[in-house]
Amino acid sequence: MADEIRLWSDELARDPSSLVFIPLAEALRRQGQFDVAWKIVVRGIERHPQNPEARDLLARIHADRGDLEGAYEEWNMLLALVPGHLAALKGMAFVRFQQGNFADAERLLTEAHALEGGPELARAIETVRRSSASVPVAPEAAEPEVSNDPHRLFADLLGEQQSAMVLDADGLVLAGAYLAADGTDVAQDVGASLSGVSDEAFRATRHLGIGAWRSIVFETEAAVVALAPAPASEAADGLLVLAAGPATPLGLLRRMLDRCMHRVTLWQSVRRA
């Protein structure tokens, strides 16, 4: 990837009007260089303002940087440029879902489903509806009620193609679930595969002298995954695992990880009470 980035950078320097700015910015985004990727895309859009792929990429970079409204506005402009653009509809729905605006999220997903159909969007709509129905009428400062079923600890925090679970030091599942594409819970199998990861991360950071590890985020063709040390308790030396669809902006993934971490801390306090 480093060689490709260098080649794309050289080509863009030779020809500033080249569309190579799109794969270059995407590669930098995947490396977490959001500010550099943002600058490259903005300059590229100045020369190619009607390019849908560039607009979609800019929206995702906004989301990665934590600018949800900026992402929404960019996807909205893309929708005006290309009516019915599925990525724009899904992106806007995802932003609204993360903001707790379930009515808008459902409306956008329903529009996307009317264009594309398929079980994935249908499940996403059902997820939004369940989340909307589960929102209690209570003061904003009130803590959410923690489910008595550990299996559903993160159910109200997660959307379509998202899973979270807490593992102990031996890889045993303490709470949460990890759903495969067909809806099967494969948490026990995944947990067994990740046994010892927390110890390896601790040894690696100690060897490098860079301080305690806080989280690891990596991308695959099937998902983006975040790992973090589980809050201390019976999950001492354990692991919090969060997975989402491959198109999920990394900035949103990190915020979701923070929410799940808070939920684990709350769950442990309830169990100790």
Output the number of residues of segment 53-89 satisfying the condition of being of a type in the set (Val, Ile, Thr) and closer than 20 Å to residue 255 by Cα.
1
Given the condition more than 30 Å from residue 106 (Cα to Cα) and in a strand (DSSP E or B), answer yes or no: does some residue in segment 209-220 qualify?
yes
So residue 226 clears everything in (1) open to solvent by 10 Å² or more (accessible area, probe 1.4 Å); (2) under 30 Å from residue 125 (Cα atoms); (3) among the small types (Gly, Ala, Ser) except one condition, right? Which one?
(1)
Under the condition of being open to solvent by 60 Å² or more (accessible area, probe 1.4 Å) and more than 22 Å from residue 181 (Cα to Cα), which residue from segment 82-100 is nearest to the chain's Cα centre (by Cα)?
99
Report whether or not residue 26 is open to solvent by 30 Å² or more (accessible area, probe 1.4 Å) and at pLDDT 95 or above.
no
Restricting attention to segment 37-63, report how many residues are surrounded by fewer than 23 Cβ atoms within 10 Å (Cβ to Cβ) and in contact with a Lys or Arg (Cβ under 9 Å, 6 or more places away or on another chain).
3
What residue, of 240, 227, 253, 266, is under 20 Å from the mean Cα position of the chain (by Cα) and not in a strand (DSSP E or B)?
253
Name the helices (runs of 4 or more DSSP H) wholly inside segment 9-86 in which the number of residues that are touching a Cys at 6+ places or on another chain (Cβ under 6 Å) and without any contact (Cβ under 8 Å) to a residue 24 or more places away in the chain is 3 or more.
none
Top-ranked residue of segment 120-154 - restricted to ones that are modelled with pLDDT of 75 or more, touching a Gly at 6+ places or on another chain (Cβ under 9 Å) and part of a loop (DSSP other than H, G, I, E, B), ranked as nearest to residue 100 (Cα to Cα)
154
I'm trying to understand the selection: among the residues of segment 167-184, which are touching a Ser or Thr at 6+ places or on another chain (Cβ under 9 Å) and open to solvent by 70 Å² or more (accessible area, probe 1.4 Å)?
170, 172, 179
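The values are calculated or read from the model by the stated rules, or taken from the named source; none is laboratory data. None of these values were measured; they are calculated from a predicted model. Glycine also receives a Cβ, built like all others from the backbone with ideal geometry; neighbour counts cover every protein chain displayed. Each accessible area value is taken on the protein alone, full model and side chains, heavy atoms only, with ligands, DNA and RNA left out. Shrake-Rupley method; radii C 1.70, N 1.55, O 1.52, S 1.80 Å.
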